[in-house]
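Data first, discussion second: the structure below is written as structure tokens.
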Amino acid sequence: MVHLVVDAKGLACPMPIVKAKKGIDTLEPGQVMELLATDKGALKDFTAWVGQTKHELLEAKENQGVFTFLVRKGG
């Protein structure tokens with residue numbers, strides 16, 4: 001179940017990460033955020049960002065140039 005969708009399509013680095021951080025800060029621990037991005041560096045950037053936080057990357061996929069990330073907020 002997704003609790004928040006953050007649409008960062010069309011934005012260049014670092015804006016998808018900035019929007020993701022602002023979005024996930026509004027969630028309670030255990031809730032899930034979906035981030036949509038088109039920046040080609042998003043996969044590397046987002047994976048690194050999640051690795052530096054207490055959040056859990058549930059899924060990362062790409063479909064027709066749109067990257068979708070599902071992240072569970074850590075506590």
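Quick one: accessible area per residue over the chain, 1.4 Å probe, rounded to a whole number of Å²?
Averaged over the residues of the chain, the accessible area is 60 Å².
Report, in degrees rounded to the nearest 10, the 0 to 90 angle that the Cα long axis of helix 42-51 makes with the longest principal axis of the chain.
With rounding to tens, the tilt is 20 degrees.
Taking Cα atoms, how many degrees apart are the long axis of helix 15-24 and the longest axis of the chain, rounded to 10 and kept between 0 and 90?
20 degrees
Taking amide H positions as placed in the peptide plane 1.01 Å from N, state which residues far from Leu58 in sequence (5 or more) or on other chains have amide H under 5 Å from it.
When sequence neighbours closer than 5 places are left aside, the close amide H contacts are Leu70, Val71, Arg72.
How big is the charge dipole of the chain about its Cα centre, in debye rounded to the nearest 20, if each Lys and Arg gets +1 on its Cβ and each Asp and Glu gets -1 on its Cβ?
For this selection, approximately 140 debye.
If you average 1/r across every pair of different Cα atoms in the chain and take the reciprocal, what Kirkwood value do you get, in Å?
It is 11.9 Å.
Tally up the carbon and sulfur contribution to the accessible surface of the chain as a whole percent, 1.4 Å probe, everything protein left in place.
54 percent
The values are calculated or read from the model by the stated rules, or taken from the named source; none is laboratory data. Note that the coordinates shown come from a computational prediction; the quantities given were computed from them, not determined experimentally. Positions of Cβ are generated from backbone atoms using ideal geometry, with glycine treated the same way; all protein chains shown enter the neighbour counts. Note: accessible area is taken over every heavy atom of the protein model, side chains too, but ligands, DNA and RNA are not part of it. Shrake-Rupley method; radii C 1.70, N 1.55, O 1.52, S 1.80 Å.
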